[in-house]
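What follows is a set of notes on a single structure, which appears directly below.
Read-outs: derived from the displayed coordinates by stated rules, not from any lab. Since the model is a prediction, treat every value here as computed from it, not as a measurement. Methodologically, a virtual Cβ is constructed for each residue, glycine included, from the backbone with ideal geometry; neighbour enumeration extends over all protein chains shown.
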Amino acid sequence: MQLVVARIGRAHSLRGEVALDVRTDDPEGRLAVGAVLATDPASAGPLTVLSSRLHQGRWLVRFAEVADRTAAEALRGVELVVEADASDEEDAWYPHELRGLRAELADGTVVGEVIALEHLPAHDALLVEEPGGERTLVPFVTAIVPVVDVAGGRVVLDPPGGLLASDAARLVVAAPSSDDDADADAADDAGDDDEPAVGDGAER
């Protein structure tokens, strides 16, 4: 099975360097100098890593087959892929390993099934289809998904109240405290005292 290591973004320099949207937890290993990566579409590769570096939080790579900016721009949107059956990275899973896993709570209550892994700007998220057909994005972080048991066919969720559609009744919306109400009343009273007389206000 082909797994996506990164998606090629915009050209970064006249020498053919490109920015990558990385999808692996081991970019240093996957993008090491000399690494040969297949591509999707296959006609764009294979590509050999000539240099790689981290710049302002983003990986920049040059490929031996890409000589200039024009060639680099032509690769935009191409995916770098590897053949693998399972992730060999600690606490990292590929999308195909997570799809189909049973989503349950700590007490064993089944709350749905993982149907996809979504890559969001802040963090990855599991797309869970609940028994009623609702689809919920669950942040894929240890605090909310403490257990990933691929062999056992399940993930254990510890969601905050109201995250799941089936748990909407537990959604808590903080009400203003009595102190907040008092502060608001005081602010209104102060505003009444400070209102300018007609003709004294500033003009726009």
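So the values come out like this:
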| quantity | calculated |
| --- | --- |
| Distance from the stretch 16-41 to the stretch 106-173 (C-alpha centre basis), Å | 30 Å |
| Order of H55, H119, H12 under a 10 Å beta carbon neighbour criterion, fewest first | H55, H119, H12 |
| Modelled FRET efficiency - R0 30 Å, A165 with T142, Cβ distances, 0.05 increments | 0.85 |
| Least to most buried among L157, L60, L80 (fewest other Cβ within 10 Å first) | L60, L157, L80 |
| Relative contact order for the stretch 2-83, counting Cα pairs under 8 Å that sit 6 or more residues apart, in percent | 43 percent |
| D158-Q56 pseudo-label distance in nm [points 7 Å out on the Cα-to-Cβ vector] | 3.8 nm |
| Order by protection proxy (mean Cβ within 10 Å, highest first), peptides 93-101, 33-41 | 93-101, 33-41 |
| Residue exposure sequence - F140, F63 - by fewest surrounding Cβ within 10 Å | F140, F63 |
